[in-house]
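Quick note: the coordinates plus some simple rules give every number you see, no bench work behind them. From a predicted model like this one, the values you see are computed outputs, not experimental measurements. So basically every Cβ, Gly included, is an ideal-geometry build from the backbone, and we count neighbours across all protein chains shown.
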Ligand SMILES: [Zn+2]
């Protein structure tokens, strides 16, 4: 059983995804991480991605699906996958559904529900580890990462204007995808307004019966 994880930026989706990966011993596809890795590469695709990220825009469906197809083709037999950050448009959803169906992979989807106002507040006040990219909320007062001791910085694309662009893109493109999974009965709702531990507990309560 694969899992598609949805949540507006700032919902804690990445953090919860890592917990779920540990708990259920799954493979993990994280679009942001894959994109950042590629953006550092001195290749035409890498340069293209770097430019798009710096402009605060989303990467095109074709480029994302290129990366996903390669990942899915290399999954070990019998392993579940958590998809974090994909699909974020109807085009991607159709392409992903097709890829999964081809390999007889069934899936569920989860949404961490968080209001746009809460997302805006969390995103404009958070910091990111320069080294491993772990995000820290404003309530975290240290200046170094507790995973790798890296320096915490404000991300260059975390200014209010580019955040608004990203949140709007989520509303325009990803909300229809979420509705699509809601309509097919595949969507599980979790309250993302709560603190990290409470969100985890609700996730485990709802996903343990599926994974165990
Ligand atoms: Zn770090």
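Quick notes on this structure:
- The stretch 2-211: equivalent-ellipsoid semi-axes (sqrt of 5 x gyration tensor eigenvalues, Cα, Å): 25, 21, 18
- Euclidean distance between Cα centres, the stretch 63-91 to the stretch 1-55, Å: 10 Å
- Its relative contact order, with pairs defined as Cα atoms under 8 Å and 6+ residues apart, puts the stretch 114-212 at 22 percent.
- Multiplying the residue separation of residue 18 and residue 212 by 0.36 nm and removing their Cα-Cα distance gives an extension gain of 68.1 nm.
- Once the chain from residue 57 to residue 37 is taken as fully extended at 0.36 nm per residue, the excess over their C-alpha distance is 5.5 nm.
- Entry note, the chain: the mean residue ellipticity at 222 nm calculated from DSSP H runs of n ≥ 4, each adding -39500 (n - 2.57), is -14500 deg cm²/dmol after division by the residues and rounding to the nearest 500.
- Computing FRET efficiency as 1/(1 + (r/R0)^6) for residue 175 and residue 97, where r is the C-beta to C-beta distance and R0 is 25 Å, gives about 0.90.
- Pairwise FRET efficiency - residue 198 versus residue 90, Cβ, R0 = 35 Å, nearest 0.05: 0.65
- Percentage relative contact order, the stretch 2-211, counting C-alpha pairs under 8 Å, at least six apart: 29 percent
- Sites residue 140 and residue 164, calculated FRET efficiency, Cβ-Cβ separation with R0 22 Å, nearest 0.05: 0.40
- DSSP finds beta bridges in the chain, and of those with both partners inside it, around 20 percent are antiparallel.
- Residue order, fewest to most surrounding Cβ atoms within 10 angstrom, among 140, 170: 140, 170
- Per-selection Kirkwood Rh - the stretch 102-203 (Cα, Å, 1 d.p.): 15.8 Å
- In plain terms, the chain from residue 132 to residue 113 could stretch by 4.3 nm, reckoned as 0.36 nm per residue minus the Cα-Cα distance.
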